[in-house]
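The values are calculated or read from the model by the stated rules, or taken from the named source; none is laboratory data. Since this is a predicted model, take the numbers as computed values, not measurements. Because the Cβ atoms are built from the backbone with ideal geometry, glycine has one as well, and the counts that use them run over all protein chains shown.
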Amino acid sequence: MSMYKLPESNIPEMKKKIMEFSKNRIFWGGVFVLVAGSAIGLGAGFAVLKYFPSQTQVFLQYFQAKEIAQPTIKSQPALGEYTSNVSYEQAIIDASKAVSPSVVSIVISKDVPIYEQQYVNPFGPNSPFEFLIPQQVQNGTQLQEVGAGSGFIVSADGLVLTNKHVVSDKQADYTVYTSDGEKYTAKVLALDPVQDLAVIKIEANGKTFQKAVIGNSSGIQLGQTAIAIGNALGQFSNTVSVGIISGLARTISASDQIGSVSETLEGIIQTDAAINSGNSGGPLVNLKGEVIGINTAMARGAQSIGFAIPINMAKKDIEQVTKTNKIVYPFLGVRYALVDDKIKQKYKLSVNYGAFVISGSNGETAITADSAADRAGIKEKDVILEINKEKIALNNSMATIIQKYNPGDKITLHILRDNKEMDVDIILGSR
């Protein structure tokens, strides 16, 4: 089998002609494709504009909006503070900068026993048996740091608002470190008997401090930006974390890490801004740099679930301590369970709201002896429906309503007793 071959003498000449022909063909072919493609593209474009004008406008608007929504970040100078052209980011920076000088770290110190190993005779020093065993023996005490928390300054003379559980140990000493690194001793002035709040005083011999701007927690909304600032883990002062308001009017049962202290907190703010150990007592801040809450707890075994006490609950504490150096609460003197479908069914009640007065399973009485409720004749198994015509419900507990009043105020309870409704006038006591 043979293969067809060109004569050797004609090959150079033919190669030259083939190359010239190919170049001309490629050039004119390219021109043709360019002209034809442009004509087809213009025709298609006019057709789209003619038959699909609304869709075309939507695409144009989308690309214009996308261009506007992504601002160009200008280059920053080599020296100086960072500033952002993105207003949201700059608002966080400004809010953090405004509040941080008023945030303090609270270090808890306590005399703890010092143990050393000694060899002792278990039969006594005068025993005839020389038998020694190692034993831990206390050899005095030493002041040591045993914990840390956060707080923030609420008056120029050094009043600091923090959590009650941070400063509740009467045997401990408390030291405050301000944002500029200065160290001061602090004295506990008052513990809130109901809320996890306390007020302490920096002992600074007349020095003036920068106080935080107190906001209004009654108008906060779900999804609103929240900034938590505090002494994270007791090591990293003025740590800033950002999130949103995740829930409002929560009721939680809070306890310390070993479960020795437990209390129920009502009307609490939920946030996904990180609240770590040591953040307790620090401020929860809005984008205006106003304090809207006091960081108090985190959900164990979960991520990004933290809780803060609304700042409005602390305003009366600050005012009372400023005037009297103590915190007092109006006190009714009843133990109750908020009525829901389960309570209604269990006790065969005719209403599905209110506060059902009942004793505790641990022997706690329904009515506190010689309290305002006791003197007014409130009985166990009464259902308190309203206080001054304000309805008691799951999202508006009796404790929340009572806190609006002061000791000595006269209120009217609308109650249900033996399926009959009646009004009872009561003068609130103090707690």
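Any residue in region 332-350 that is closer than 28 Å to SER100 by Cα and either of a type in the set (A, V, I, L, M, F, W, C) or surrounded by fewer than 21 Cβ atoms within 10 Å (Cβ to Cβ) (or both)?
Start the filter on region 332-350 by keeping residues that are closer than 28 Å to SER100 by Cα, which leaves none.
No, region 332-350 has no match at all.
Within region 182-194, one or more residues are without any contact (Cβ under 8 Å) to a residue 12 or more places away in the chain and either surrounded by 14 or more Cβ atoms within 10 Å (Cβ to Cβ) or assigned to a strand (DSSP E or B) (or both). Looking at THR239, THR208, which one is hydroxyl-bearing (Ser, Thr, Tyr), farther than 30 Å from ASN396 by Cβ and more than 17 Å from the chain's Cα centre (by Cα)? It is THR208. The residue list GLY243, GLY247, GLY181, GLY223 contains one member that is out of contact with any Cys (no Cβ under 8 Å at 6 or more places or on another chain), more than 30 Å from THR324 (Cα to Cα) and not assigned by TED's automatic domain parsing to the domain that holds ALA299, which is GLY181. Looking across region 298-313 at every residue that is crowded, with 23+ Cβ neighbours inside 10 Å and small (Gly, Ala, Ser), the one that is nearest to ILE153 (Cα to Cα) is identified as ALA308.
Looking across region 189-246, the residues that are acidic (Asp, Glu) and either touching an Asp or Glu at 6+ places or on another chain (Cβ under 8 Å) or closer than 17 Å to ILE309 by Cα (or both) come down to ASP192, ASP196. Whenever a residue of region 369-397 is free of Cβ contacts under 8 Å to residues at least 60 places away in the same chain and surrounded by 19 or more Cβ atoms within 10 Å (Cβ to Cβ), its partners that are in a helix (DSSP H, G or I) and not aromatic (Phe, Trp, Tyr), lying with C-beta atoms within less than 8 angstrom and at least six residues away or across chains, give the pairs ILE384/MET398; ILE387/MET398; ILE387/ILE401; ILE387/ILE402; ILE392/MET398; ILE392/ILE401. Scanning region 401-413 for residues that are of a type outside the set (Phe, Trp, Tyr), in contact (Cβ under 8 Å) with a residue 12 or more places away in the chain and surrounded by fewer than 17 Cβ atoms within 10 Å (Cβ to Cβ) returns ASN406, PRO407, GLY408, ASP409, LYS410, THR412.
In a residue-by-residue description of region 125-133, the property of being surrounded by fewer than 22 Cβ atoms within 10 Å (Cβ to Cβ) and in a strand (DSSP E or B) applies to at least one position. Out of (1) more than 20 Å from VAL103 (Cα to Cα); (2) surrounded by 14 or more Cβ atoms within 10 Å (Cβ to Cβ), the odd one out for ALA228 is which? Result: ALA228 passes all but (1).
Report whether or not LYS326 is touching a strand residue (DSSP E or B) at 6+ places or on another chain (Cβ under 7 Å) and part of a loop (DSSP other than H, G, I, E, B). Yes.
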